[in-house]
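Worksheet for the structure shown next.
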Amino acid sequence: MNTEGLYHRIIVNPNKRMGRRAFIECAVLGAAAPIFACSSKPPPFRHHLIDYSTTGRLGIEAARRGGADAVITPLGTQTDKALVVAFKSQARRHGLEPGFWIEVGRDQEAANSHLEWLHTPQHTDWLAQFPGWSGANAAVFPWLPLNNKAVFEYQLAKVASIASMLEPGDSIYLNNVQNPPAGCGCGNLQCRSWDNSPGEKIAPSPYEHRDVFFTSLFLDALKAKIPSINFTPIICPECEQGVSMGSVANPDAQTRYCNSINCADPCGGFYYPGLVRALGGLDRVGLLCTYKALRRDIPIYGGSAAWVASNIGRYGEHGSVTKLIPVIQGWDVSEEEIKAQIDSVSNNRVRGYILSLLPLDNSFWPVAAK
């Protein structure tokens, strides 16, 4: 049996029907180190995001063999502290620094309990993706707008509660600390700035052109509440209306991801650059570069994973890439595509990368707004 690359394929695309015993039996056959460990100029910061609750020590061993210097696992409100302790012990036993990942904006548990918090877009173009939907005043489920004061306070308490399981000096990466996708109602996964959310706001809405950003206020509040933890926000790039991505001008005029809506100002032209500048004082900032998950694996950007480099370049127009940590895609991709992504980040002077072997879900669907 040829086991070349087998370990990597199991970790990246585990068969949901495969039991724990079968998973282990396949993994211990002993695969060669995956191809993504062979980038010619690997950055010093090489983290792998796995789900330790599923993979156990096998995921950690795969990260070490894949060239990682640290490994990250998600935490949630139901996570047991024993898992945290075991994960940290296993990571350090294998010479890797442990880190933790918390989903903020996409929170199905809280969304189920608080339908009144859900974002209700201004436009209805996004509903064309759901031909079976027939209701009115649809809300984007299961996404919670962080600029809503009640959501802001809930997520602040949630993160603080989860962080109480950790120790001083531990690192938490906070994903989705903007507003929901399809923000204005266009349907674009990267429309994250527009704010038509219900309830009292933490910061002025983007179209008021104020230099106050609820994302940075959230980080400030967490740091004040738990100064001993290192928090890193993971932001999503804004839509590509009216901007240039490398040599491609106004890409979303070609993708049509924004449908009939053209809101380059304030989203891409004002709010996103302002947010990047507002986070500039942080030691590091994460940037979603999961090009296939964000539907940017299309020819207009160039070769394989070319959009990753363009996305980093766009960020670099407004902030320091030497502080930047791109989050690249390690699921539903080939080993060659992973290497292409790593080469893209390695050639752009970034601080490092997070290779997410854990699928990061950006999906959404309509429910009746409350």
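Coordinate-derived values only; no laboratory data. Not measured: the values here are computed from a predicted model. Using ideal geometry, Cβ is built from the backbone for each residue, glycine included, and neighbour counts are taken over all protein chains shown.
Just a few scattered comments:
- Around the Cα centre of segment 324-370, unit charges on the Cβ atoms of Lys, Arg, Asp and Glu (plus for the first two, minus for the last two) sum to a dipole of about 360 debye.
- Compactness relative to 2.2 N^0.38 Å, alpha carbon Rg of the chain: 0.96
- At full extension, GLU153 and THR54 could sit 32.6 nm farther apart than now, given 0.36 nm per residue minus the alpha carbon distance.
- With R₀ set to 41 Å, the beta-carbon distance separating HIS94 from LYS225 gives a calculated FRET efficiency near 0.80.
- Cβ charges +1 (Lys, Arg) and -1 (Asp, Glu), total dipole of segment 193-298, debye: 300
- Helix 335-346 and the long axis of the chain differ in direction by around 70°, with both axes built from C-alpha atoms.
- Taking a point 7 Å out from the Cα of ASP211 in the direction of its Cβ, the residues of segment 267-292 whose backbone N falls within less than 15 Å of it are 270-281.
- Relative contact order for the chain, counting Cα pairs under 8 Å that sit 6 or more residues apart, in percent: 19
- Remark: segment 112-123, residue by residue, has Karplus-estimated 3J(HN,Hα) of 4, 8, 9, 4, 5, 7, 5, 6, 10, x, 6, 9 Hz, where x stands for each Gly or Pro and the curve is 6.51 cos²θ - 1.76 cosθ + 1.60 at θ = phi - 60°.
- Simple spin-label estimate for ARG65 and MET165 in nanometres, 7 Å along Cα-Cβ: 2.7
- Magnitude of the charge dipole, segment 134-256, Cβ model with Lys/Arg +1 and Asp/Glu -1, debye to 20: 160
- Packing-based ranking of 352-362, 105-115, 130-140 yields 352-362, 105-115, 130-140, ordered from highest to lowest mean Cβ neighbour count within 10 Å.
- For SER244, distant residues with modelled amide H under 5 Å away: ASN250
- Angle of helix 306-316 to the longest C-alpha principal axis of the chain, folded into 0 to 90 degrees and rounded to 10: 60°.
- Between helix 149-163 and the chain: long-axis angle, C-alpha atoms, 0 to 90°, nearest 10: 10
- Between PHE45 and GLN129, full extension at 0.36 nm per residue minus the direct alpha carbon distance yields a gain of 26.4 nm.
- Cβ-based charge dipole, segment 86-144, positive-most Cα from LEU115, PHE100, ALA138: PHE100
- When shorter helices are ignored and each DSSP H run of at least 4 residues is given -39500 (n - 2.57), the per-residue value for the chain at 222 nm works out to -8500 deg cm²/dmol.
- Antiparallel DSSP beta bridges within the chain, as percent of all bridges there, nearest 5: 20
- Net lengthening on full extension, GLU116/HIS318 (0.36 nm per residue, minus Cα-Cα): 69.2 nm
- Residues with amide H under 5 Å from that of TRP365, placed H, sequence gap 5 or more: PHE141
- Between segment 138-153 and segment 216-246, the alpha-carbon centres lie 16 Å apart.
- Cα centroid of segment 83-127 to Cα centroid of segment 340-370, whole Å: 13
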